[in-house]
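The structure appears below as structure tokens.
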Amino acid sequence: MKVRQDAWSHEDDVLLAETVLKHITEGSTQLRAFDEVGDELNRTSAACGFRWNAVVRNRYMKQIAEAKKERKERKRAASFSYYPQMRPMMWAQQPTMERVTQSLDSEMSLESVIDYLQNMMHTSSQSSVLQRENERLAKENKELEARNNELEKELKKMKQDNSIIEEDYQSLIQIMNRARRMAILEDEESLSTASFKMDKNGNLEKLAK
């Protein structure tokens, strides 16, 4: 099972470049090269393609041109070997040779176009994945912002409620203190104005007013 690896080492980039150049020279496609490198580095083919197009490819433009030139020469040599009976005719008739060369060049150009389109499809597929991921993250961020706003409103309301409770508590404390002071004063006044007499047993008895 292929796992995600974010960091690319210099050796990984060299392996990717050498593999892609080999496939170009042999007439294969870059997609197959990405698959091969992916199996070697335990990465996905998409990750290899993205690394090649975004970073590595620009470093090997000269080598890519040479690989395509060598591929063209191999293809031309292979075509000559497949049709040996055409050689005398091509050497004897220059226009025929030019047409064959043009045909080979057209075939190579078509293959280059196909290779280019395949790479474009690969890049487009990666762009679609990145776009979907970006949309998902944007939606998630929007939901988090909405939730944060709700929590801020709840916190503000709780602070207001707590302030009201605190005010009510302080008012209640003041009322209780006033009631306590009034009760003490009443008791003191009652004691100061009260009349007592000694009963026959020697106990003080409060006289009614």
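The values are calculated or read from the model by the stated rules, or taken from the named source; none is laboratory data. Remember, it's a predicted structure, so these values are computed and weren't measured experimentally. Virtual Cβ from ideal backbone geometry, glycine too; neighbours counted across all protein chains shown. Accessible surface is based on the protein model in full, side chains and every heavy atom, while ligands, DNA and RNA are left aside. Shrake-Rupley method; radii C 1.70, N 1.55, O 1.52, S 1.80 Å.
Some points to look at:
- Being open to solvent by less than 80 Å² (accessible area, probe 1.4 Å), within 30 Å of Phe50 (Cα to Cα) and either part of a helix (DSSP H, G or I) or modelled with pLDDT of 80 or more (or both) is a property that Asp161 lacks.
- If only residues of segment 71-80 that are surrounded by 15 or more Cβ atoms within 10 Å (Cβ to Cβ) and at pLDDT 90 or above are counted, the one that is farthest from Ala17 (Cα to Cα) is Lys72.
- Look at segment 165-185: where a residue is touching a residue at least 60 places away in the same chain (Cβ under 8 Å), no partner that is open to solvent by less than 90 Å² (accessible area, probe 1.4 Å) and assigned to a helix (DSSP H, G or I) sits 6+ places away or on another chain with Cβ atoms under 6 Å.
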